[in-house]
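Quick notes on the structure that follows.
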Amino acid sequence: MQQISTWIATDLTDEDFAALAEALILKADVTALPQILLLAERHAGFWPSDRGQLVLAGILNLLVDTLDGGEVAEALAAMHPCPPALAQQALDLLVAALPEGALAAPAELDDAVVFCVALLAGASGQREAVATFLDQARPGRVASFFGPPADAIAAHFAPAPAKAEAFKPKLIIWDLDDTLWHGTLADGDEPALIAHRADYVRAFNRHGVVSAICSKNEFARAKEKLQVFGLWDEFVFPRIAFVPKGAVIRQMIADMQLRAQNVLFIDDNPHNLHEVADAVPGIRVVDATTPECDALLAELLAGQAHVEKSRVADYRLLETKVAERTGNALSDEEFLRKSGIHATFTDRMDNLEFAERIEELVNRSNQLNYTESRIEPGTIRDKIQDIDHYEVLCAFVWDKYGYYGLVGVAVYAFRTRTLEHFAFSCRIMHMGVEDAMIRMLAERGYRLEASPAFRKPLPPQSARAITVLPYAEPEVRARILAAEAPRDWSKVDLRIMADCQSGAFFHYSRHQAVTDFDNNPRLFSLPQMKTGAYREQSFPRYLVYTAATDFIDWRWEKFSKEIDYEIFLECVALFVEMVVKGGHKVLLFLPPQGLSLKMYELHAGCVPERSRVWHPVLNHHWRSVAAKYPGHFTLVELKDVLAADELVHAHHYVPSALRKISGMIDDWYDGEKAGEVLDVAA
């Protein structure tokens with residue numbers, strides 16, 4: 001049987017899948033269900049077989065046991081990837097096992113069976129029936145036991161309220177004569193600018209909606225008039241010529257990599273409006289001579305008030321690319337190869353700086369939103385910080401034409417193997433960035449090419465023309481941060497060396513302007529003191545170091561398979577020497593010791609028994625260091641400041657705890673700086 005780690009990358013034979021499904025059911029672990037269900041559709045012929053029916057019965061038993069144990073959230077999560085057809089088969093099998101007519105009297109069924117029927121009905125697509133069935137089963141039950149699970153299942157499958165999709169423009173295409181100005185330029189009129197329409201053009205630009213021109217006029221004369229009015233630079237993709245508008249606008253939208261559904265065309269000529277509406281299905285058109293026109297513009301502008309970003313430069317860049325490509329008659333592959341495309345990917349806490357942009361990208365993206373998903377505003381930060389369950393990967397792209405910024409995001413729940421988001425900006429359409437993202441995820445062990453979460457087919461473009469650079473390279477990181485989060489790096493006075501949680505401490509800090517932070521592989525660890533690699537890094541005066549960073553066997557793999565105490569002591573001594581000679585101040589956090597064994601299941605491959613034994617030994621040595629050098633080391637015992645429910649495990653902490661620790665770092669830094677001032681004054 002093939003290994004489960006390759007489940008998404010390899011087409012299993014039916015026999016292999018059957019063996020895999022049977023093995024996972026025998027584990028009696030509900031969290032293993034997604035590994036079966038994500039492959040269910042590819043092996044639809046398996047389920048009607050005798051072996052398939054036995055596996056399906058095993059799934060039912062597992063669900064009922066899980067629900068009977070009160071683990072409703074776990075059951076819902078496990079069934080999330082279940083195909084509706086398979087959920088219906090499971091529901092039919094469950095009903096067949098019940099006494100005849102049992103569903104007609106749901107109040108007489110066991111709680112767990114009721115919950116399982118409701119869950120399977122919802123998963124099969126009968127969402128409207130879930131709440132009704134659960135309500136029919138409530139009479140005579142203990143509300144405190146039945147109510148919360150029933151409410152959770154009903155809420156999970158509650159149908160979304162039906163509402164028409166609001167029109168969200170990304171592009172407004174303007175006619176000129178008797179639309180943007182009064183008069184007909186070709187007839188010799190002296191145009192009189194319609195001032196409030198010009199104001200709309202400028203205002204939409206400020207709030208993220210660009211304007212283009214499609215006008216039957218002489219290009220040079222129209223451009224001259226727009227320059228006189230101070231409007232020429234407000235437009236992108238001007239198409240000014242005596243040609244039919246339908247074909248021109250259809251090509252313009254394609255060149256701008258937009259959907260017609262996000263485009264508004266304004267013209268005073270009914271013939272032009274009908275021609276464009278017929279040539280470009282989905283586009284919205286409005287007659288410039290009617291009161292409806294300005295009312296619509298006012299309404300659309302109000303809907304964009306929350307956006308404070310101009311996208312004119314982005315489309316100007318795209319305009320340059322289109323002109324060069326068509327002018328040189330290059331093929332797709334030739335053009336990409338000559339464009340000098342570069343990409344870098346950010347992960348883990350590095351993405352906290354880009355949280356708002358991530359949510360905006362997913363929620364704005366339609367054309368290249370391959371999971372057709374949305375993010376509840378304000379929630380992505382929790383998933384970025386939950387590094388024990390989620391991989392959040394972002395793509396930044398630039399080429400010889402310019403910088404495109406954060407243009408792609410993938411959010412993958414690796415414990416349940418669920419792809420929640422996979423969305424991209426239309427500015428990188430046909431560049432192969434999606435393929436580059438897929439490859440980057442595959443390098444991390446997440447193979448998603450055939451993920452059932454994709455609601456749209458992935459594009460055929462490969463990543464061959466893209467040069468991927470590590471975000472850990474200083475010049476790459478500097479380029480991204482200069483564009484996305486600019487600050488004066490010469491003022492950095494504090495470095496947070498806490499491996500993957502460093503970015504969270506930075507995110508919650510009030511001293512971001514003077515702080516740099518680590519994120520694997522861009523980090524400090526004690527073995528670098530022995531190898532000399534630390535000399536390639538920068539250590540400002542103030543350092544925050546979480547000792548847990550180096551309480552892991554594999555951190556020392558350059559020297560031994562497990563932590564070697566003598567080498568550990570040698571590296572600590574060298575670190576202390578560097579701190580003392582350099583006049584550094586260190587805030588030293590010691591991880592909790594004496595916890596349950598489960599809290600020392602730190603990373604894949606670690607031995608929790610060893611970890612629990614080593615923590616008090618290594619902590620003891622750090623305590624002696626802090627006691628010997630009180631002027632350089634300030635010690636914090638995390639066991640004294642964090643509650644049990646704030647620990648994911650001994651090394652990772654929930655967001656509220658990260659915020660608390662960040663506050664401690666800020667207070668320590670403030671105190672040290674205040675002490676400096678007093679010393680100078682004395």
Counting only helices (runs of 4 or more DSSP H) entirely within segment 397-508, those with at least 3 residues that are under 30 Å from ALA78 (Cα atoms) are 433-443
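Kindly indicate whether PHE242 is under 28 Å from LEU368 (Cα atoms) and not aliphatic (A, V, I, L, M). Can you show your working first?
Numbers: under 28 Å from LEU368 (Cα atoms): no; not aliphatic (A, V, I, L, M): yes.
So PHE242 does not fit the description; no.
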Flagged pairs (Cβ under 6 angstrom, 6 or more apart or on separate chains; first in segment 455-481, surrounded by fewer than 17 Cβ atoms within 10 Å (Cβ to Cβ); second of a type in the set (D, E, K, R) and in a loop (DSSP other than H, G, I, E, B)) are ARG455/GLU372
Residue set GLU333, GLU324, GLU308; condition within 22 Å of the chain's Cα centre (by Cα), surrounded by fewer than 17 Cβ atoms within 10 Å (Cβ to Cβ), over 30 Å from GLU646 (Cβ atoms) and not hydroxyl-bearing (Ser, Thr, Tyr); output residue GLU308
By residue number, the members of segment 174-188 that are among the acidic types (Asp, Glu) and either in contact with a strand residue (DSSP E or B) (Cβ under 8 Å, 6 or more places away or on another chain) or outside any loop (DSSP other than H, G, I, E, B) (or both) are ASP175, ASP177, ASP187
Filtering segment 385-437 for residues that are farther than 18 Å from LEU336 by Cα, at pLDDT 95 or above and over 12 Å from the mean Cα position of the chain (by Cα) leaves a count of 0
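Select from segment 364-396 the residues that are outside any loop (DSSP other than H, G, I, E, B) and of a type in the set (Phe, Trp, Tyr) and list them in ascending order. Steps first, please.
The initial filter retains those residues of segment 364-396 that are outside any loop (DSSP other than H, G, I, E, B), namely 364, 369, 380-385, 390-396.
Result: TYR390, PHE396.
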Next item on the list: Report yes if some residue within segment 23-34 is touching a Ser or Thr at 6+ places or on another chain (Cβ under 7 Å), at pLDDT 85 or above, β-branched (Val, Ile, Thr) and surrounded by 19 or more Cβ atoms within 10 Å (Cβ to Cβ); otherwise report no.
Entry: yes
Expected output for segment 647-665 (first residue assigned by TED's automatic domain parsing to the domain that holds TYR542, partner of a type in the set (Lys, Arg), Cβ below 9 Å, 6+ apart or cross-chain) is HIS649/LYS598; ALA650/ARG612; TYR653/LYS660; PRO655/ARG381; SER662/ARG510; GLY663/ARG510
Among the residues of segment 248-272, the number that are closer than 24 Å to ASN366 by Cβ and in a helix (DSSP H, G or I) is 11
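Out of everything in segment 638-655 that is in a helix (DSSP H, G or I) and within 13 Å of GLY594 (Cβ to Cβ), what residue ends up being modelled with the lowest pLDDT? Lay out the reasoning, then the answer.
So in segment 638-655, the residues in a helix (DSSP H, G or I) come out as 638-641, 644-646, 655.
From what is left, the residues that are within 13 Å of GLY594 (Cβ to Cβ) are 638-640, 644.
On the way: LEU638: 96, LYS639: 95, ASP640: 95, ALA644: 92.
The extreme case among them is ALA644.
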Next on the checklist: Any residue that is at pLDDT below 90, closer than 20 Å to TRP554 by Cβ and either among the small types (Gly, Ala, Ser) or in contact with a Gly (Cβ under 6 Å, 6 or more places away or on another chain) (or both) - is there at least one of those in segment 593-602?
Outcome noted: no
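If you check GLU359 against the conditions, is it in contact with a Pro (Cβ under 6 Å, 6 or more places away or on another chain) and part of a helix (DSSP H, G or I)? Reasoning before the result, please.
Working: in contact with a Pro (Cβ under 6 Å, 6 or more places away or on another chain): yes; part of a helix (DSSP H, G or I): yes.
Considered against the rule, which asks whether it is in contact with a Pro (Cβ under 6 Å, 6 or more places away or on another chain) and part of a helix (DSSP H, G or I), GLU359 comes out as yes.
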Across segment 98-134, the tally of residues that are in a helix (DSSP H, G or I), of a type outside the set (Gly, Ala, Ser) and under 21 Å from PRO84 (Cα atoms) stands at 14
* Is it fair to say ILE380 is surrounded by 20 or more Cβ atoms within 10 Å (Cβ to Cβ), in contact with an Asp or Glu (Cβ under 7 Å, 6 or more places away or on another chain) and over 22 Å from CYS500 (Cα atoms)? -> no
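Quick one: which residue in SER502, SER462, SER509, SER490 is more than 23 Å from the chain's Cα centre (by Cα) and of a type in the set (S, T, N, Q)?
Values: SER502 fails: more than 23 Å from the chain's Cα centre (by Cα); SER462 fails: more than 23 Å from the chain's Cα centre (by Cα); SER509 fails: more than 23 Å from the chain's Cα centre (by Cα).
So the residue among SER502, SER462, SER509, SER490 that is more than 23 Å from the chain's Cα centre (by Cα) and of a type in the set (S, T, N, Q) is SER490.
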Next on the checklist: Condition (residue is surrounded by 15 or more Cβ atoms within 10 Å (Cβ to Cβ), at pLDDT 95 or above and assigned to a loop (DSSP other than H, G, I, E, B)) applied to segment 564-586: is it met by at least one residue?
Outcome noted: yes
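The values are calculated or read from the model by the stated rules, or taken from the named source; none is laboratory data. Please read all numbers here as calculations on a predicted model, not as lab measurements. Cβ sites come from the backbone with ideal geometry, for glycine too, and all protein chains shown count toward neighbours.
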